Amino acid sequence: MVWDKDTKTVVLTGAGVSAESGIPTFRGEAGLWKNYRPEELANPQAFARDPKTVWEWYDWRRGIIAKAVPNAGHQAVAAVEKHFSDFTLITQNVDGLHQAAGSERLLELHGNIWKTRCTSCGAIEEEYSVPLKDFEPRCSCGGLLRPHIVWFGESLSPQVMEESFACAAACRLMLVVGTSGIVQPAASLPLTAKEAGAVLIEVNADETPLTPLMDESLRGSAGEVLPELLRRHKVSI
Ligand code: APR
């Protein structure tokens, strides 16, 4: 049975799983890309042109995330991890709320908003101050620090990519939660799992381009639908 504890399981999440924690998603009615232009903020050229504005925007997002707490959707994902002996969470989210909910075996495809990376020496540090003391923070080597986030036009960490696709190709069950299924390479992970014969279940407020791939597509908010799905399959939360 696919919900047996020894089933190799992957959960792929996107911004929708953090929406109920008060963190804006990127697309859709109240999405960030409705009010901010990613080409002005979330790409290396914008940062090279105006690092201060880019840091101010991330400082604003960090301020929102600092006030957010994990919701029932995050808790349910952490419960799925406890249920299955062979589990990997692959998240596109950078907010750290999965970790705050107790998820441990996770891959962050797009980085983490609480980490900085030096543009000179490459050092990656954790940085939790809200608000930031300086909108052009410097590394101890003197280099300019940037958010440790994968921006548009940048490639993901090869290790994280390789591990994510290996997990997708080997899993027997994949839950796809709160992602619009538009941004690559994350959006190819469900197809990889499908082609390898996995059962795919989507949880999303709306239909997505991934919906046709799904064995089951459950409409609604992750904080309500995921716990219900786990109850149905006797996964304790
Ligand atoms: N529960 C479940 N799904 C939800 C909820 C909710 N409460 N609220 C919104 N959704 C769904 C929306 O219907 C949408 O399909 O979550 C999805 C959010 O989509 P996006 O905002 O596009 O977020 P995501 O898929 O994570 O974006 C991928 O794009 O901008 C880049 O790097 C950024 O990681 C991000 C990537």
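Worth a mention:
- Looking at the stretch 136-209, none of the strands (runs of 3 or more DSSP E) lying wholly inside it contains 3 or more residues that are surrounded by fewer than 14 Cβ atoms within 10 Å (Cβ to Cβ), within 16 Å of the chain's Cα centre (by Cα) and among the aliphatic types (A, V, I, L, M).
- The set of residues from the stretch 24-58 being more than 10 Å from the ligand (Cβ to nearest atom), part of a loop (DSSP other than H, G, I, E, B) and either of a type outside the set (Lys, Arg) or in contact (Cβ under 8 Å) with a residue 40 or more places away in the chain (or both) comprises Tyr36, Asn43, Asp50.
- Restricting the stretch 205-230 to residues that are near the ligand (Cβ under 7 Å from one of its atoms) and touching a Ser or Thr at 6+ places or on another chain (Cβ under 7 Å), the residue that is farthest from Ser188 (Cα to Cα) is Ala205.
- Near pairs, Cβ below 8 angstrom, 6+ apart or cross-chain, from the stretch 176-193 (touching a residue at least 40 places away in the same chain (Cβ under 8 Å) and under 13 Å from Met214 (Cα atoms)) to any residue that is part of a strand (DSSP E or B) and near the ligand (Cβ under 7 Å from one of its atoms): Val176/Val203; Val176/Asn204; Val177/Val203; Val177/Asn204
- Within the set Val176, Val183, Val199, the sole residue that is within 12 Å of the ligand (Cβ to nearest atom) and under 24 Å from Asp86 (Cα atoms) turns out to be Val176.
- Number of the condition not met by Gln75 [criteria: (1) assigned to a helix (DSSP H, G or I); (2) touching a helix residue (DSSP H, G or I) at 6+ places or on another chain (Cβ under 7 Å)]: (2)
- Residue identified as within 16 Å of the ligand (Cβ to nearest atom), in a loop (DSSP other than H, G, I, E, B), loosely packed, with under 14 Cβ neighbours inside 10 Å and modelled with pLDDT of 95 or more among Val69, Val94: Val69
The values are calculated or read from the model by the stated rules, or taken from the named source; none is laboratory data. Source: prediction; values computed, not measured. Positions of Cβ are backbone-derived with ideal geometry, glycine not excepted, and every protein chain shown enters the neighbour counts.
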